Amino acid sequence: DAGVIQSPRHEVTEMGQEVTLRCKPISGHDYLFWYRQTMMRGLELLIYFNNNVPIDDSGMPEDRFSAKMPNASFSTLKIQPSEPRDSAVYFCASTVGHLNQPQHFGDGTRLSIL
Amino acid sequence: KNEVEQSPQNLTAQEGEFITINCSYSVGISALHWLQQHPGGGIVSLFMLSSGKKKHGRLIATINIQEKHSSLHITASHPRDSAVYICAVNSGGGADGLTFGKGTHLIIQP
């Protein structure tokens, strides 16, 4: 079975550029989560969706960050404009809410903003 | 907001030793998760529990809801168990986002 698929795996870009991270959840999962991991702050929830609808975006750092889920099989996290402090590993995870199942994580996108 | 504390932050042990990692949280939860992150960076869910005890191979997870405390045990530890172990909680009633501890960096020496 295919797990959660994230792309790209690595992204290096210059400050000020737009960055788009992509996630394909496991088929049939109705919850999708975006997390960020840094050395200083560890893992943090950015936003999560249920049935493609954003439920809690209180973890999104600021207006430069936006996330969408246009359909059940695809989500994007966009940073515009990017800043060096956005450098981190971004994880996407998905689960089936009503089955009380653990979350399945993608391999992450390692983002470096120069 | 739930505060999740893990101890120890770092642990080095010899192969074969019994390992215990502790996690405490500040507010009532719907579920607690133990995650494993290897040096390559991927995160794998080991356990999700809301009461009692679960066992999978050499790994055992326990939770005490009244004391807001959980432990992860590894029996007969092996170098391949070397990883970062992360405790996380769901605070809402359903599949809400996780709040994470800072992780325990475990090294098992042969």
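Residues that are assigned to a strand (DSSP E or B) and farther than 18 Å from B:Ser7 by Cβ were ranked within region B:60-107; the one that is farthest from the other protein chains (Cβ to nearest Cβ) is B:Asn90.
Restricting attention to region A:94-110, the residues that are part of a strand (DSSP E or B) and either open to solvent by 20 Å² or more (accessible area, probe 1.4 Å) or facing chain B (nearest Cβ under 8 Å) (or both) add up to 4.
The listed residues are B:Lys1, B:Lys54, and the only one of them that is part of a strand (DSSP E or B) and not hydroxyl-bearing (Ser, Thr, Tyr) turns out to be B:Lys54. Working only within region A:25-38, note down all residues that are of a type outside the set (Val, Ile, Thr), surrounded by 15 or more Cβ atoms within 10 Å (Cβ to Cβ) and over 10 Å from the mean Cα position of the chain (by Cα). The answer is A:Pro25, A:His29, A:Asp30, A:Tyr31, A:Gln37. Strands (runs of 3 or more DSSP E) fully within region A:39-85 that include at least 2 residues being within 14 Å of another protein chain (Cβ to nearest Cβ), over 20 Å from A:Ser27 (Cβ atoms) and open to solvent by less than 50 Å² (accessible area, probe 1.4 Å): A:42-50.
The values are calculated or read from the model by the stated rules, or taken from the named source; none is laboratory data. Not measured: the values here are computed from a predicted model. In this analysis, Cβ positions are derived from the backbone assuming ideal geometry, glycine residues included, and neighbour counts consider all displayed protein chains. For accessibility, only protein heavy atoms count, side chains too; no ligands or nucleic acids. Shrake-Rupley method; radii C 1.70, N 1.55, O 1.52, S 1.80 Å.
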